[in-house]
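Below is one structure; the comments refer to it alone.
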Amino acid sequence: MLRVRCLRGGSRGAEAAHLIGAMLGRVLHGQVQRTFRSSSSAVAAQPVHAVQVDPVPEPVAQECPVCSYNEWDPLEEVIVGRAENAHVPPFTVEVKANTYEKHWPFYQKYGGQRFPADHLRKAVAEIEEMCNILRQEGVTVKRPEPIDWSVEYKTPDFTSSGMYAAMPRDILMVVGNEIIEAPMAWRARFFEYRAYRPMIKEYFRRGAKWTTAPKPTMADELYDQDYPIRTVEDRHKLAAQGKFVTTEHEPCFDAADFIRAGRDIFVQRSQVTNYMGIEWMRRHLAPDYNIHIISFKDPNPMHIDATFNIIGPGLVLSNPDRPCQQIDMFKKAGWTIVKPPTPLIPDDHPLWMSSKWLSMNVLMLDEKRVMVEANETTIQKMFEDLGIQTVKVNIRHANSLGGGFHCWTTDVRRRGTLQSYFH
């Protein structure tokens, strides 16, 4: 039996492969000639045997490093964002539409600069402690690359500086074994994906699927430049009319406007996610997944997970201040709707990019464990009444940058299978 060892290594490897092929060809050719020189009678006298060929073994299938179908299966690996070098986004129309008037002076003063140094230092320390606690809970933690977000960049359509890589939930969505890079809608976040690329490439090399949604130009036509947003009443009226600062000029979406429950994924049209973006996702994930558009009584919709957070099979936290307008379809499906208590965060604590309802922006470690803000004792009690153990972590200063535990993370791998929970 002739055995051949595969050789690797550039042009030398190729030459060796050609040499081996030539040698093998000559050996086989000689064998064939000798066989056919035998007399016909000798051939007839010999029994015919099938040629035995050693089977080529299939490559050993390795477990994909990326696999997550919902928000509550046992968490094994997670990406946690970075607060280091976080910058306040320039005060452009899309940023103005997503922030409240009381914070506009802050953006006018600090836009394009770092967040206040002392506050940022505390946020960095809180997230480091959060990572330590996740590891203690048996979860593998990955982090994006540190990047200088102060660098100004220019495209044919706009000029901006960067923001941060603090909220991986906004930009990365895992569906099964696929990582989907969201296109985003803020100009300050156009190049945010660069902080995650080394990590995503490694997941890809190890077997994960990797999809980048169409990148918008973020030209002026993507935004309603005259969007009227002076008061909360304005915002309520516009949201009720289905009017947002982003137009339908081209697809855009943040991944955090989607939330997963197996074969069913729920999404809202928001200030950063338009219908074209939702339709792109629907077509991309069909027919294995169903995309459902839901809406809320929300004057400033941006990211669904502090309004409607699915925490278990048929179990959802629904913000009582922003009721879901399609809640009856969840009740008909037999889901349990839980209204979380009023947040306890003090009025004087700065929340430049979010609301107090980050209290419900929790991260499920599994169906019976949840990571929750250490200072939010009332929601801790709510979880305990539901039979869910609370893992308490203080990230108050990190909240100020625009997210809770769910926002600060993207679950890469949860131990579970694809199922239907919505009928």
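The values are calculated or read from the model by the stated rules, or taken from the named source; none is laboratory data. If you're wondering where the values come from, they're calculated on a predicted model, not measured in any experiment. FYI the Cβ positions are ideal-geometry reconstructions off the backbone, even for glycines, and counts take in every protein chain you see. Each accessible area value is taken on the protein alone, full model and side chains, heavy atoms only, with ligands, DNA and RNA left out. Shrake-Rupley method; radii C 1.70, N 1.55, O 1.52, S 1.80 Å.
List pairs: first residue in region 243-255 and within 29 Å of Asp411 (Cα to Cα), second residue part of a helix (DSSP H, G or I) and open to solvent by 40 Å² or more (accessible area, probe 1.4 Å) anywhere in the structure, Cβ distance under 6 angstrom, at least six positions apart or on different chains. Short answer, once both residue conditions are applied: Pro251/Met276; Pro251/Trp280. One residue stands out in region 96-112 among those that are in contact with a helix residue (DSSP H, G or I) (Cβ under 9 Å, 6 or more places away or on another chain), open to solvent by less than 30 Å² (accessible area, probe 1.4 Å) and at pLDDT below 95: the one that is nearest to Arg143 (Cα to Cα), namely Thr99.
When region 352-382 is limited to residues that are open to solvent by 20 Å² or more (accessible area, probe 1.4 Å) and of a type in the set (Gly, Ala, Ser), the one that is modelled with the highest pLDDT turns out to be Ala374. For region 257-280, the set of residues classified as surrounded by 18 or more Cβ atoms within 10 Å (Cβ to Cβ) and within 27 Å of Lys368 (Cβ to Cβ) consists of Phe258, Ile259, Arg260, Ala261, Gly262, Asp264, Ile265, Phe266, listed by residue number.
For region 383-398, the tally of residues that are open to solvent by less than 30 Å² (accessible area, probe 1.4 Å) and either touching a His at 6+ places or on another chain (Cβ under 9 Å) or farther than 27 Å from Lys122 by Cβ (or both) stands at 2. Among the residues of region 314-351, just one is open to solvent by 60 Å² or more (accessible area, probe 1.4 Å), closer than 20 Å to Tyr421 by Cβ and hydroxyl-bearing (Ser, Thr, Tyr), namely Thr336.
Please pick out the residue among Phe266, Phe330, Phe253 that is part of a strand (DSSP E or B), modelled with pLDDT of 95 or more and hydrophobic (A, V, I, L, M, F, W, C).
Working: Phe330 fails: part of a strand (DSSP E or B); Phe253 fails: part of a strand (DSSP E or B).
The conditions single out Phe266.
Among the candidates Arg206, Arg283, the residue that is open to solvent by 50 Å² or more (accessible area, probe 1.4 Å), of a type in the set (Lys, Arg), over 18 Å from Met302 (Cα atoms) and without any contact (Cβ under 8 Å) to a residue 24 or more places away in the chain is uniquely Arg283. If you go through region 85-94 one residue at a time, do you hit one that is in contact with a strand residue (DSSP E or B) (Cβ under 8 Å, 6 or more places away or on another chain), surrounded by fewer than 22 Cβ atoms within 10 Å (Cβ to Cβ) and at positive phi? Within region 85-94, one or more residues are in contact with a strand residue (DSSP E or B) (Cβ under 8 Å, 6 or more places away or on another chain), surrounded by fewer than 22 Cβ atoms within 10 Å (Cβ to Cβ) and at positive phi.
Name the strands (runs of 3 or more DSSP E) wholly within region 96-174 that hold at least 3 residues that are in contact with a strand residue (DSSP E or B) (Cβ under 6 Å, 6 or more places away or on another chain) and on the phi < 0 side of the Ramachandran plot?
It comes to 140-142.
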